[in-house]
1. Only residues that are buried (at least 17 other Cβ atoms within 10 Å of the Cβ) and either within 11 Å of the ligand (Cβ to nearest atom) or modelled with pLDDT under 95 (or both): list them for the stretch 346-361, please.
2. Go through the stretch 17-27 and report how many residues are within 19 Å of Arg64 (Cα to Cα) and crowded, with 20+ Cβ neighbours inside 10 Å.
3. Take the stretch 326-344 and flag every residue that is assigned to a strand (DSSP E or B) and open to solvent by less than 40 Å² (accessible area, probe 1.4 Å).
4. So Ala149 clears everything in (1) among the hydrophobic types (A, V, I, L, M, F, W, C); (2) touching a residue at least 12 places away in the same chain (Cβ under 8 Å); (3) under 24 Å from Met105 (Cβ atoms); (4) open to solvent by 50 Å² or more (accessible area, probe 1.4 Å) except one condition, right? Which one?
5. Among the helices (runs of 4 or more DSSP H) contained in the stretch 68-168, which hold 3 or more residues that are at pLDDT 95 or above and under 30 Å from His181 (Cα atoms)?
6. Taking the criterion of being open to solvent by less than 30 Å² (accessible area, probe 1.4 Å), without any contact (Cβ under 8 Å) to a residue 60 or more places away in the chain and of a type outside the set (Ser, Thr, Tyr), would at least one residue in the stretch 196-213 satisfy it?
7. Scan the helices (runs of 4 or more DSSP H) fully inside the stretch 172-280 and keep the ones with 1 or more residues being within 16 Å of the ligand (Cβ to nearest atom) and not aliphatic (A, V, I, L, M).
8. For the condition away from the ligand (no atom under 16 Å from the Cβ) and assigned by TED's automatic domain parsing to the domain that holds Leu109, what is the one hit in Met343, Met318?
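The values are calculated or read from the model by the stated rules, or taken from the named source; none is laboratory data. Here the structure is a predicted model, which means the values were calculated and not measured. Note: ideal-geometry Cβ built from the backbone for every residue, glycine included; neighbour counts use all protein chains shown. The area values use the complete protein model at the heavy-atom level, side chains included, leaving out ligands, DNA and RNA. Shrake-Rupley method; radii C 1.70, N 1.55, O 1.52, S 1.80 Å.
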Amino acid sequence: METARLRMVRTGQWSDEQHMGRRWPVGCVALEVTQRCNLDCTLCYLSENAEAIRDLPLAELFRRIETIALMYGPNTDVQITGGDPTLRKREDLVAIVRHIRAHRMRPTLFTNGIRATRDLLGELAAAGLVDVAFHVDMTQRRAGYASEAELNAVRRDYIRRARGLGLAIMFNTTVFGGNFHELEALAAFFLTVSDDVSFASFQLQADTGRGTGGERPQIISPDSVADALRAGVGADLSFGIPGTGHRNCNRYAMALVCNGRAYDFYRDRQLVKPLLAATAGVVVDRQHRWRAVRAFAAWALRHPGYLPLLSRLGWRHMWRMRRDLVAARGRLTKISFFIHNFMSACQLERERVDACVFMAATADGPISMCLHNARRDDFVLAPIRMDVGAATRFWNPVNGRVQHDGGMGPPPSAAPRQAKGRARRAVARR
Ligand code: SF4
């Protein structure tokens with residue numbers, strides 16, 4: 001934890017409100033279990049060689065999980081991602097979830113949902129999966145959907161698939177020139193499903209990987225996205241509290257939802273600030289909201305000195321929501337909004353990479369996701385060292401064979417029908 005705190009100090013991000021280095025030593029670590037995908041999004045961060053790369057052996061993935069556990073400890077969030085992880089064999093996915101859980105970390109499945117059946121989600125939930133994060137947006141070019149509003153039917157279907165399985169449900173949306181104008185309506189939609197959906201993340205367009213979408217239009221920035229989300233939910237959400245790493249990277253906000261109306265949870269910043277630091281050790285159960293509330297209540301009983309502050313905060317919220325609380329007979333939910341400002345491959349900023357809270361697992365340990373995306377082939381094409389008895393061998397991700405040396409060999413050549421992103425465009429032009 002101290003290493004994380006010092007990184008925040010060095011990059012000028014340490015404050016009373018900062019979670020990195022206080023509540024967690026890393027925001028999350030992405031574990032890419034395949035480079036293959038069943039979509040070809042216009043802003044894909046994968047390499048143009050992705051389709052020709054073999055899936056990492058389970059032994060290597062287990063080794064990476066153990067490295068993450070060693071570095072960051074229990075309750076670390078591990079994202080099972082890719083490509084799309086559901087392209088991996090089902091038994092592999094179950095084994096990966098179990099291994100993460102066995103190290104007391106929290107696995108999240110990141111998927112475009114196409115192959116995420118209720119049956120599969122149920123089996124993964126039984127194996128210890130904590131969350132499912134569905135990526136749904138117009139960069140995916142799903143046939144038959146002409147707007148984010150039309151894609152709400154897909155979102156509702158995915159919610160039905162995951163509802164009642166004990167999973168926290170999240171949605172990821174890439175914000176680009178083609179859907180920025182729909183952000184307000186999308187935020188309003190997420191409010192209507194906040195009974196089921198606890199987290200809505202918005203990733204800003206970045207020119208990295210094989211995607212053909214190019215540079216981000218100037219109109220899109222963390223501030224403009226925050227404004228659109230505020231307008232969409234009809235509340236002046238406090239983005240930026242708690243701090244989640246570098247302020248130019250991430251903005252977090254939380255809304256209490258009552259009778260369909262949103263209320264800014266962090267509105268009373270001065271009252272909240274001391275509580276953020278004091279409750280940093282309370283583990284939040286994302287799967288069972290009332291268990292999370294009980295955990296905080298138990299903390300408050302063990303720390304009676306904070307009771308006056310907590311009751312002042314509670315009464316302020318209740319007073320603001322009084323009419324809606326009556327109308328909703330006290331029913332209250334919450335939804336978090338997150339803005340993630342990925343950097344384009346040619347615009348990496350040293351300070352932000354040093355303050356990164358969103359890491360990607362590699363053979364040599366976790367590194368910043370932005371850095372990983374910018375140099376992806378250096379990592380995904382590199383042969384993986386494997387100790388076979390007393391001998392050292394290397395697994396080659398291009399041909400899937402074990403070899404004596406760590407030489408990369410020629411880059412893979414994906415068949416034209418496999419080509420995606422820019423490569424696909426080049427094939428189409430021939
Ligand atoms: S450096 Fe990139 S991946 Fe890391 S937190 Fe910042 S925007 Fe996210």
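1. Going through the stretch 346-361, the residues buried (at least 17 other Cβ atoms within 10 Å of the Cβ) turn out to be 352-353, 355-361.
Correct list: Arg352, Val353, Ala355, Cys356, Val357, Phe358, Met359, Ala360.
2. 2
3. Kept after step one, since they are assigned to a strand (DSSP E or B), are these residues of the stretch 326-344: 333-340.
Residues satisfying the conditions are Thr333, Ile335, Ser336, Phe337, Phe338, Ile339, His340.
4. Exception for Ala149: condition (3).
5. Details: elements: 90-102, 118-127, 148-162.
So the answer is 148-162.
6. Pass one, the stretch 196-213, residues open to solvent by less than 30 Å² (accessible area, probe 1.4 Å): 197-198, 200-202, 204-206, 208-211.
Keeping just the survivors that are without any contact (Cβ under 8 Å) to a residue 60 or more places away in the chain gives none.
So far as the stretch 196-213 goes, no, none of its residues is open to solvent by less than 30 Å² (accessible area, probe 1.4 Å), without any contact (Cβ under 8 Å) to a residue 60 or more places away in the chain and of a type outside the set (Ser, Thr, Tyr).
7. Values: elements: 183-192, 222-233, 269-278.
Filter on the stretch 172-280 gives 222-233.
8. Details: Met343 fails: away from the ligand (no atom under 16 Å from the Cβ).
After applying the criteria, what remains is Met318.
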